[in-house]
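In what follows, a single structure is set out as structure tokens and then discussed.
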Amino acid sequence: MFFGIISACAAVMCLFLIFFYFKHMKTAINVIDASAEFMVGNKRVALIPIVYFIIKLLVMLLWVYCMTAIISLNVIVSTQNKIGDGYSPQTKIIEWNAATTFMVVFMCVGIVWV
């Protein structure tokens, strides 16, 4: 019963808003209609963001590939296993040098720039 009364009050308020703001709603419908006609007439407006997204995705994939190549230029050694006396083939330490550190910084600045 309570929910029915609340729903009826909301419906009456919606009816009043439609009645009193009909002119504004008609203008909004005309704006939406004009924008739909524009989009039908100019397909490339919708196509350009999709193309740029694909290009940016390819650039990001290329950046990740190049970053892994730069990291692999360093000396990578396996660490000593904490449990036994042998070496663990799973954990690695990357020994960075100045050239590869500069390359990584350059790549990070470049991807932020793009």
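Quick notes on this structure:
- Conditions (1) out of contact with any Phe, Trp or Tyr (no Cβ under 7 Å at 6 or more places or on another chain); (2) of a type in the set (S, T, N, Q); (3) not in a helix (DSSP H, G or I): number failed by residue 78: (1)
- From the list 11, 69, the one residue that fits, being small (Gly, Ala, Ser) and more than 30 Å from residue 106 (Cα to Cα), is 11.
- Qualifying position, being modelled with pLDDT under 90 and not hydroxyl-bearing (Ser, Thr, Tyr), among 98, 46, 69: 46
- Residues that are of a type outside the set (S, T, N, Q), assigned to a loop (DSSP other than H, G, I, E, B) and on the phi < 0 side of the Ramachandran plot are absent from the range 33-41.
- Residue identified as farther than 30 Å from residue 97 by Cα and hydroxyl-bearing (Ser, Thr, Tyr) among 68, 27: 27
- Test: residue 56 is charged (D, E, K, R), assigned to a helix (DSSP H, G or I) and over 26 Å from the mean Cα position of the chain (by Cα): no
Okay, residues lined up against (1) modelled with pLDDT under 95; (2) in contact with a helix residue (DSSP H, G or I) (Cβ under 8 Å, 6 or more places away or on another chain); (3) loosely packed, with under 11 Cβ neighbours inside 10 Å:
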{"residue": "4", "(1), (2), (3)": "yes, no, yes"}
{"residue": "18", "(1), (2), (3)": "yes, yes, yes"}
{"residue": "22", "(1), (2), (3)": "yes, no, yes"}
{"residue": "35", "(1), (2), (3)": "yes, no, yes"}
{"residue": "41", "(1), (2), (3)": "yes, no, yes"}
{"residue": "54", "(1), (2), (3)": "no, no, yes"}
{"residue": "84", "(1), (2), (3)": "yes, no, yes"}
{"residue": "89", "(1), (2), (3)": "yes, no, yes"}
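The values are calculated or read from the model by the stated rules, or taken from the named source; none is laboratory data. The structure presented is a predicted model; accordingly, all values stated were derived computationally and were not measured. Here the Cβ is made from the backbone with ideal geometry for all residues, glycine too, and neighbour counts use every protein chain on show.
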